[in-house]
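Enquirer: Handing you a structure now.
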Amino acid sequence: MPDHHSVLEQLHARWGAIAALSAAALTTDQRLSVEFYLADIERDESAEPHVLRWISMAHELDEFIRSHRRLPLASAARPRPRTPEQQLVDQLAYQRRRSTRAAMVEYQRARLEVLPGFQWEPQNDRWDAWLEQHQAFWNREQRPPRRRAPDSQEASIARWVAHQRASERAGTLPAERRARLLSAQFRVL
């Protein structure tokens, strides 16, 4: 897997080539993306304040990843502490919002996507992983996972199943997830 720096260099090379084109040949999104690109490589300090703020956040994420070798992680403490790491977590959560993402230009989306481990919808990815683990368990063991199993992984899968069923009973299980659970080879609901 390529490191963050080399992937970022590839992104910058792509946008460097686009920035070299005539502005008339670019779409509106590309022209706005070039503004973010130029601020990112520190060639345009006169960019709009919102562009500079966004790029500053991206650079803070780069530095965090460089020093910790991972994306920032949310604190389990409640209320959440006001640490620099938690502030980055909150900023990433805001960037992932559908409405925020929809307002982004291509460069912003691509810039986030080069962050190692970045996912637009990490909760959905985790949910998918739980469903996959459930199906693999059934396939391997030919029985449902037990909540009081001595194996902690089996017990975790069983708790996930119980949570899905409780969400279904409460009417809070999203329709798409419900359909996937009902159509899985080894049904959860």
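None of the figures in this text is laboratory data; all of them are computed from the coordinates on show. Small disclaimer: the values here were computed from a predicted structure and weren't measured. Cβ coordinates were reconstructed from backbone atoms using ideal geometry, including for glycine residues, and neighbour counts include every protein chain displayed.
Enquirer: Scan region 66-87 residue by residue and report those that are surrounded by 12 or more Cβ atoms within 10 Å (Cβ to Cβ) and either under 27 Å from Gly16 (Cα atoms) or touching a residue at least 40 places away in the same chain (Cβ under 8 Å) (or both).
Expert: Leu71
Enquirer: To continue, here is another question. When you look at Leu21, is it exposed (fewer than 13 other Cβ atoms within 10 Å of the Cβ), touching an Asp or Glu at 6+ places or on another chain (Cβ under 9 Å) and in a loop (DSSP other than H, G, I, E, B), yes or no? Step through it out loud before you land on a result.
Expert: Working: exposed (fewer than 13 other Cβ atoms within 10 Å of the Cβ): yes; touching an Asp or Glu at 6+ places or on another chain (Cβ under 9 Å): no; in a loop (DSSP other than H, G, I, E, B): yes.
So Leu21 fails the test.
Enquirer: All but one of (1) in contact (Cβ under 8 Å) with a residue 24 or more places away in the chain; (2) of a type in the set (A, V, I, L, M, F, W, C); (3) assigned to a helix (DSSP H, G or I); (4) under 26 Å from Leu32 (Cα atoms) hold for Trp120; which doesn't?
Expert: Every listed condition holds for Trp120 apart from (3).
Enquirer: Within the group Arg165, Arg111, which residue is assigned to a helix (DSSP H, G or I) and either touching an Asp or Glu at 6+ places or on another chain (Cβ under 9 Å) or hydroxyl-bearing (Ser, Thr, Tyr) (or both)?
Expert: Exactly one of Arg165, Arg111 is assigned to a helix (DSSP H, G or I) and either touching an Asp or Glu at 6+ places or on another chain (Cβ under 9 Å) or hydroxyl-bearing (Ser, Thr, Tyr) (or both), namely Arg111.
Enquirer: If you don't mind, there's one more thing I want to ask. Tell me, yes or no, whether region 139-153 has at least one residue that is surrounded by 11 or more Cβ atoms within 10 Å (Cβ to Cβ), assigned to a helix (DSSP H, G or I) and under 24 Å from the mean Cα position of the chain (by Cα).
Expert: no
Enquirer: Among the numbered criteria (1) exposed (fewer than 13 other Cβ atoms within 10 Å of the Cβ); (2) basic (Lys, Arg); (3) closer than 26 Å to Gln123 by Cβ; (4) in contact (Cβ under 8 Å) with a residue 12 or more places away in the chain, which one does Arg111 miss?
Expert: It fails just one condition, (1).
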